[in-house]
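Okay, so here's the structure we're looking at.
Nothing in this text is a laboratory measurement; each read-out follows from the coordinates by a stated rule. If you're wondering where the values come from, they're calculated on a predicted model, not measured in any experiment. With ideal geometry, Cβ positions are generated from the backbone for all residues, glycine too; neighbour counts draw on all protein chains shown.
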Amino acid sequence: MKIGIVCYPTHGGSGVVATELGSALAQNGHDVHIISYAIPFRFDSFRKNLRYHEVEVSAYPLFRYPPYDLALAGTIMEVAQQYGLDILHAHYAIPHAISGHLAREMLNGGGKNVKLVTTLHGTDITIIGQQRIFQRITRFGIRQSDGVTSVSAELKQRVIETIDCGAQDIEVIPNFVDADRFKPGCCPNKRAQLAGEDEKIVMHVSNFREVKRPRDVVKAFADASKTVKARLVLIGDGPELPACKDLARELGVFDRCTFAGTYDAIWELLPQADVFFLPSEYESFGLSALEAMACGVPVVGTNTGGTPEVVEQDVSGFLHDPGDTVAMAESIRGLLADQALAQRMGAAARERAVSAFRRDALLPVWEQYYEKVLALPDRP
Ligand code: GMT
């Protein structure tokens with residue numbers, strides 16, 4: 001198949017999922033074209049069958065707001081025409097599905113039918129889609145797609161409850177992990193760079209948006225590490241980072257925190273953790289938790305959104321109400337203090353990641369879904 005994939009290139013789950021899916025499809029012999037405004041951070045430039053196309057947005061001074069969505073539609077149309085795309089896969093309803101729809105309309109006028117698949121990742125529905133001005137356009141993007149997928153059953157239900165999708169069916173296809181790259185025991189030399197020999201490691205990876213509740217990371221860690229010698233490694237960057245640093249100083253744990261900034265080869269760091277900590281208000285899925293699980297690391301997280309579909313309560317991790325930092329600290333302390341428990345849960349986490357979310361198992365699901373959409377009649 002010839003597949004175009006549209007995504008955001010920045011650090012964030014949807015871009016990771018889109019890029020990793022593109023790589024896996026290319027490896028399986030499909031002709032894949034990634035379309036974005038910059039090279040996505042996990043893009044593998046040297047993979048056969050995989051190409052990147054940049055959306056060029058004019059900075060002409062006439063435009064106060066350069067029309068990115070139209071530049072994207074134009075780029076999609078050109079790529080689809082030049083390479084004869086069968087499928088266009090938009091990650092996010094807005095703006096990607098809308099630009100994809102526009103490109104498809106322009107192309108169909110020219111006799112080429114491209115099928116539009118849209119994957120909903122959460123933020124498009126929980127934040128963007130809830131803003132009044134975007135509600136109807138999100139619905140429009142969903143209804144105009146030939147196929148729509150959601151990364152979890154919870155997100156699907158949320159979409160059905162908040163957006164009138166008309167006759168549009170939503171298929172749940174969970175995110176996947178490359179369990180050969182994300183695995184226990186990788187890069188042991190990294191551990192000494194992160195923490196002292198006698199320190200346990202609690203790790204958090206995010207874009208430090210408010211929805212991630214990163215201050216709860218610091219708060220619960222400060223509590224949990226009162227009786228266990230531990231280090232908090234925070235990876236990523238974002239708007240809440242300065243507040244996290246302030247809080248770490250205030251709680252007297254700043255010298256036990258490593259603010260590591262963004263790091264692309266995250267599979268080198270995750271296996272060094274003793275606990276992965278993701279206390280988000282909401283996660284439609286929680287890809288970073290899945291990647292930690294694949295590395296054999298137990299998770300302490302929240303019982304909201306799609307996370308309980310990934311982390312099994314009391315088996316591969318402990319899930320609590322968002323904001324309940326006391327219970328979270330208790331779970332972290334338990335895992336840090338009881339090595340046998342941490343090992344058992346870490347092994348269960350790896351097992352869960354491999355059995356339910358392995359890339360090789362989910363790739364055929366995507367291929368079959370694309371085939372199903374391709375077999376649909378063309379839109380009038
Ligand atoms: O979580 C973020 O801030 C990034 C966001 C995105 O849109 O890239 O992630 C969303 O999509 C990921 C991949 O499907 C999911 O694993 C995340 O849970 C989801 N984030 C939220 O729902 C807040």
Quiz item: Can you list the GluC sites (Glu not before Pro) in region 54-152 that are in a DSSP coil and have 15 or fewer other beta carbons within 10 angstrom?
Solution: E56
Quiz prompt | the chain - percent relative contact order, Cα under 8 Å, separation 6 or more | solution = 14 percent
Quiz item: Going by the alpha-carbon gyration tensor, a ≥ b ≥ c the square roots of its eigenvalues, is region 188-357 rounded (a/c under 1.5) or, if a/c is not under 1.5, prolate (a/b greater than b/c) versus oblate?
Solution: rounded
Self-check item: Qualifying lysines (Cα of each under 25 Å from Cα of K372; at least 8 residues distant if same chain)
Solution: K2, K112, K115, K156
Self-check item: Net charge, D338 excluded, C-beta distance under 14 Å - Lys, Arg +1, Asp, Glu -1
Solution: 0
Quiz prompt | Spatially proximal aspartates and glutamates relative to K190 (Cα-Cα < 13 Å; intrachain offsets below 8 disregarded) | solution = E268
Quiz item: region 50-73 to region 227-257: how many Å between their Cα centroids?
Solution: 38 Å
Quiz item: Looking only at region 35-74, which residues have a backbone nitrogen under 15 Å from a spot 7 Å from the Cα of Q131 in the C-beta direction?
Solution: 65-66, 68-69
Practice problem: Compare the peptides 148-156, 42-50 by average per-residue count of other Cβ atoms within 10 angstrom and give them in order, highest first. | Solution: 148-156, 42-50
Practice problem: Mind ranking 319-330, 267-278 by how tightly packed they are, going by the mean number of other C-beta atoms within 10 angstrom, highest first? | Solution: 267-278, 319-330
Quiz item: In whole Å, what is the distance between the alpha-carbon centres of region 171-199 and region 261-276?
Solution: 6 Å
Quiz item: Rounded to a whole number of µm²/s, how large is the Stokes-Einstein D of the chain at 10 °C and 1.306 mPa s, given Rh as the Kirkwood radius over C-alpha pairs?
Solution: 74 µm²/s
Quiz item: Which peptide among 305-313, 61-69 comes first, and what is the full order, when sorted by highest mean count of other Cβ atoms within 10 Å?
Solution: 305-313, 61-69
Quiz item: Hey, got the dipole for the chain? About the Cα centre, +1 on K and R Cβ, -1 on D and E Cβ, debye to the nearest 20?
Solution: 360 debye
